[in-house]
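Working notes, structure below.
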């Protein structure tokens, strides 16, 4: 454990389950990706928890609510932000969280609804 790191609880949003506690050396914000034991997750929400000690509230731990993310090779950078799925498809949502309206869980390869832009 590093001296400046705090315990971070990783919580899967749907279904709500705790994936574990880790010590991170950076502060992930919503939209960032975290790697927990080889599985990628997108941060949906970050909550800080405080404790009262010696008359002052001090940061005690951090909770990250996450959802499963695609493998990095299914992601592209468009206009400075990450987008998942095939960006050449007409139905691509242009989002870090959802691939498209037709097939939001993917995969894009071999999708029947593919239409080029």
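Annotations for the structure displayed:
- Here the relative contact order of the chain, from alpha carbon pairs under 8 Å that lie six or more residues apart, stands at 18 percent.
- Computed over the range 71-117: relative contact order in percent, which uses C-alpha pairs under 8 Å that are six or more apart: 29 percent
- Rounded FRET efficiency, nearest 0.05, which uses the C-beta distance separating residue 18 from residue 87 and R0 of 25 Å: 0.15
- By other beta-carbon atoms within 10 Å, ranking 62, 10 with the fewest at the front produces 62, 10.
- Estimated distance in nm for a label pair at residue 37 and residue 51, the labels positioned 7 Å out from Cα along Cα-to-Cβ: 2.5 nm
- Label selected from (1) 62, 30, 22; (2) 75, 23, 21; (3) 47, 28, 25, the criterion being Cα extents along the principal axes in Å as computed here: (1)
- By the count of neighbouring beta-carbon atoms within 10 Å, fewest first, 86, 79, 105 end up ordered 79, 105, 86.
- Percent RCO, i.e. relative contact order, over the range 7-68, from Cα pairs under 8 Å lying at least 6 residues apart: 37 percent
- Here 26, 82 are placed in order of increasing Cβ neighbour count within 10 Å, fewest first, which gives 26, 82.
Every number in this text was worked out from the coordinates using simple rules, so none of it is lab data. This structure is a prediction, so every number in the text was calculated from the model and none was measured. All Cβ positions, glycine included, derive from the backbone under ideal geometry; neighbour counts span all protein chains shown.
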